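Trainee: Take a look at this one; I'll ask things after.
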Amino acid sequence: MTNATVQPRMAMTVDRLRWGRIVIAAVLLEAALIAAAVPLLSLVDNPFVAGAAGAPGDFTSFFVLVTVACFGFGALFGWWMARPLPSRFVLHGALTGAAATAIYLAICSIPPNTVAAVLAAYGPFWFLLANGARIGGAVLGAAYRGRTAERVSRS
């Protein structure tokens, strides 16, 4: 009878979500994106520069750079977040990417900006692609970490 009460409790600790790591990784992911993007975005045409919103221009390099950065940093922080986890890597990665996206949307909502203005500057395709890349990168980074941890544990 004693073993029956101990095992479910042990299984529950293994499968619980690590919300602290998820939130910390999401905050660090957004901080790293901001820290890397601000200097890099001065090198390409940027639709957020004063006066650029009304001016016609090709901002493709900006959108590609942002999307690649979102995916790359998402993968890096998804991998980092999943390092100590015993299971549920993909779920943790998805929650990290979603939390980072929520933080980004909150930052976009700080006056005088709105999410609608940022969406208009990006366009729906690039806006969804960049934010999806952040989530997808975090999922793939965490899944990769889980797969390598699984391989090591089998050896």
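Trainee: Heavy-atom accessible area per residue, region 41-144, 1.4 Å probe: how many Å²?
Mentor: 51 Å²
Trainee: Calculate how large, on average over all directions, the projected area of the Cα convex hull of region 90-155 is; give the answer in nm² to one decimal.
Mentor: Across all orientations, region 90-155 yields a mean hull projection of 4.6 nm².
Trainee: What is the distance, in nm, between label points placed 7 Å from the Cα along the Cα-to-Cβ direction at residue 117 and at residue 68?
Mentor: 2.9 nm
The values are calculated or read from the model by the stated rules, or taken from the named source; none is laboratory data. Quantities reported herein were computed from a predicted structural model and do not represent experimental measurements. No Cβ is skipped: glycine too gets one built from the backbone with ideal geometry, and neighbour counts run over all protein chains shown. The accessibility values were calculated without ligands, DNA or RNA, using every heavy atom of the protein model including side chains. Shrake-Rupley method; radii C 1.70, N 1.55, O 1.52, S 1.80 Å.
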